[in-house]
Amino acid sequence: MHLYDKLVKNQKHHKRMLRDSEEFQFYVANRNLLNGLDIYKALINSLNEFDIIRANIVIRAIQNKKALDEAILYAFKGSKMKTEEVSDFIHERMVGLPYIQEGDLKIYVPIFNRSVNELYYRDFGKLLSKPYSTLIEDFSSSCIDCFEMYGFSLYDSLFSKYIVIKKTEKTLVLYHFDFSTIYFVDDQGRLEAKLALFDKYMHRPVKNHIIDRIGSVVDAYLNDDREGMYQALVNNNLISKKLIFKIKHEEFKFKRKLQRKADRA
């Protein structure tokens, strides 16, 4: 079994952490918003916490869109606002909504490309005229892969509940408190690997100062130092010595088996 799968399988209360998490509760309550969006259909029925977090990012983007659509329709069609009042009214409705900051542009609806987000941020009137007016009623065909387009920025924003630990050119390292897990995300917004912490052999896991404690683990991973990563996990009381010994023993047996096959070839 792969190292990362082994850590997940042995994580203390893994299934309960998922079931009781705010992320899962939010997902169950709102995943119906993903219906009809073919590009995100794989996220509708997931029990993988990383995909649930990704689904929640999309859900929050859809919720933003609905809130802004309502404000725009009211400002332009349902009220008698003066032209100069419309912008202030809609921007007031943006307060508290998650967004991605790119220069002077705030992206509130990352399921759309940047040009459409320009309209949602400061050129609202165009959304009521063709060809953009269809976005309000039926936007499924206009959705893009937000993880591929916005990459690291999407995770490093209020759309997610992640804590950013480190960022390199190719890898974003995240931590999620609900799941006691370190995530390594590639520059396409996909999961590269994850380290589920605090295994079942640890009787009283200590989770204080966790961000400081995982630093050496992250550095070892990024330096492709597997042995150093094992050592850092144990030294910082993130994984038990017993589980690391079991994992290393299985790796040794697997390598020996491969060597025997090579010798017979």
Seminar exercise, completed: About its Cα centre, the chain carries a charge dipole, from +1 on Lys and Arg Cβ atoms and -1 on Asp and Glu Cβ atoms, whose size in debye to the nearest 20 is 1680
For this session: May I have the pair-distance distribution P(r) for the range 54-168, computed from all Cα-Cα distances with 10 Å bins from 0 and rounded to whole percent?
Result: 13, 46, 30, 9, 1, 0
Exercise. So how strong a dipole does the range 83-142 carry about its Cα centre when Lys and Arg Cβ are +1 and Asp and Glu Cβ are -1, to the nearest 20 debye?
Worked result: 220
For this session: Only Cα pairs under 8 Å and at least 6 apart count here; give the relative contact order of the chain as a rounded whole percent.
Result: 17
Problem set entry | Euclidean distance of C-alpha centroids, the range 131-175 and the range 21-54, integer Å | 15
Problem set entry | Length gained when the stretch L191-N113 is fully extended (0.36 nm per residue, less Cα-Cα span) | 25.9 nm
Exercise. What chymotrypsin sites (Phe, Trp or Tyr not before Pro) does the range 206-246 have in DSSP loop regions with at most 13 other beta carbons within 10 Å?
Worked result: none
Problem set entry | Listed residues M149, I44, I136: farthest to the positive end of the dipole of the chain (Cβ charges) | I44
For this session: Mind checking which of N208, Q259, L34 is farthest towards the positive end of the chain's charge dipole, using Cβ charges of +1 (Lys, Arg) and -1 (Asp, Glu) about the Cα centre?
Result: Q259
For this session: Give the cross-link partners of K161 among the aspartates and glutamates, using a straight C-alpha distance below 17 Å as the criterion and excluding same-chain residues fewer than 8 apart.
Result: D20, E22, E23, E49, D51, D178
Exercise. In straight Cα distance, which lysines are under 28 Å from K242, not counting same-chain residues fewer than 8 positions off?
Worked result: K6, K9, K12, K15, K194, K200, K207, K253, K255, K257
Exercise. If each Cα of the range 126-206 is one equal point scatterer, what is log10 of I(q)/I(0) from the Debye formula at q = 0.24 Å⁻¹?
Worked result: -1.07
Problem set entry | Estimated Rh, the chain: Kirkwood, alpha-carbon pairs, angstrom | 20.9
Problem set entry | Accessible surface, per residue, of the range 97-192 when the full set of protein chains is kept, probe 1.4 Å, Å² | 46
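Can you give me the % of accessible surface on the chain that is carbon or sulfur? Probe 1.4 Å, all protein chains present, nothing else counted.
C and S fraction of accessible area: 49 percent.
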Seminar exercise, completed: For the range 69-113, listing trypsin sites (Lys or Arg not before Pro) in a DSSP loop whose Cβ sees at most 14 other Cβ atoms within 10 Å gives K80, K82
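Treating the beta-carbon of each Lys and Arg as +1 and of each Asp and Glu as -1, no other charges, what is the dipole magnitude of the range 128-247 about its Cα centre, to the nearest 20 debye? If you can, show how the numbers build up before the last one.
Numbers: 15 positive and 16 negative charges, 156 e Å.
Taking the Cα centre of the range 128-247 as origin, the dipole is about 740 debye.
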Problem set entry | Cα gyration tensor, the range 2-48 - rounded (a/c under 1.5), prolate or oblate | oblate
Exercise. Classify the range 139-265: rounded, prolate or oblate, from the alpha-carbon gyration tensor (a ≥ b ≥ c, eigenvalue square roots; a/c under 1.5 rounded; otherwise prolate if a/b is larger than b/c)?
Worked result: oblate
For this session: For K65, go through the lysines and keep the ones whose alpha-carbon is under 19 Å away, minus same-chain ones fewer than eight residues off.
Result: K41, K77, K106, K126, K130
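Given the rule -39500 (n - 2.57) for each run of at least 4 DSSP H residues, summed and divided by the residues of the chain, what is its mean residue ellipticity at 222 nm, to the nearest 500 deg cm²/dmol?
For the chain, the value works out to -15000 deg cm²/dmol.
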Seminar exercise, completed: Hits for the chain under the membrane-span-like helix rule (DSSP H, Cα axial span at least 20 Å, Kyte-Doolittle mean at least -1.0) are 49-73
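The values are calculated or read from the model by the stated rules, or taken from the named source; none is laboratory data. It should be emphasised that the depicted structure is a prediction, and the values quoted were computed from it without experimental measurement. For neighbour counting, all protein chains shown are included, and Cβ atoms are generated from backbone atoms with ideal geometry for every residue, glycine included. Side chains are part of the model used for accessible areas, which takes the heavy atoms of the whole protein and leaves out ligands, DNA and RNA. Shrake-Rupley method; radii C 1.70, N 1.55, O 1.52, S 1.80 Å.
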